[in-house]
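Read-outs throughout are calculated quantities, based only on the coordinates presented, and are distinct from any laboratory measurement. Every value quoted in this text rests on a predicted model; they were computed, and no experiment measured them. Every residue, glycine as well, gets a Cβ built from its backbone with ideal geometry; the counts of neighbours run over all protein chains shown.
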Amino acid sequence: MNGGACPWNLDCHNCDKFVLSGADLLYWRRKREQWRLLAEGAPDDSTADYLHRYFEPTARAIDGLEKALAGLGLLDDALALDLRKPQDYFHRVWSTAFRAADLADAGGDEDDEDDEDVDERSEYSDTCTVKDTDSERDVV
């Protein structure tokens, strides 16, 4: 897409229209790791703390995306994407998208472990698989 055609002047950080799909997961996981490494190499603690605080909303959105994909059974598909190969852009990993702000809210929920519907903790992060999740309810 031509970024110059964006009616919101490419202000993605403040745009409530910004969405993430399963196809974005690996990219944003790499970005999160880059920020962590940058913060670890910071010259002092205040700089490291600033970098962690600056990236924290994005980290919550990444966690929320992982939870949403796990709830829809798409997390493994998203983690297995190899963007170097031709893709089926109609696959649910590509076509199911979530507003970044909603993902950040979902990623910030710390009380998920207390829910009795939680089935098991995923090996991929802080994601959980939930029993009897209505997939239509999770799609934006």
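Odds and ends about this structure:
- Fewest-first sequence of K31, K17, K85 by Cβ atoms within 10 Å of each Cβ: K85, K17, K31
- Long-range amide H partners of V19 with built H, under 5 Å: A100
- Cα-based convex hull volume of region 20-91 per residue, rounded to whole Å³: 85
- For region 22-34, 3J(HN,Hα) per residue [Karplus equation, 6.51 cos²θ - 1.76 cosθ + 1.60, θ = phi - 60°, Hz, x = Gly/Pro]: x, 5, 8, 4, 5, 4, 6, 5, 5, 4, 4, 5, 4
- Amide H contacts under 5 Å for A97, placed H, 5+ residues apart: V140
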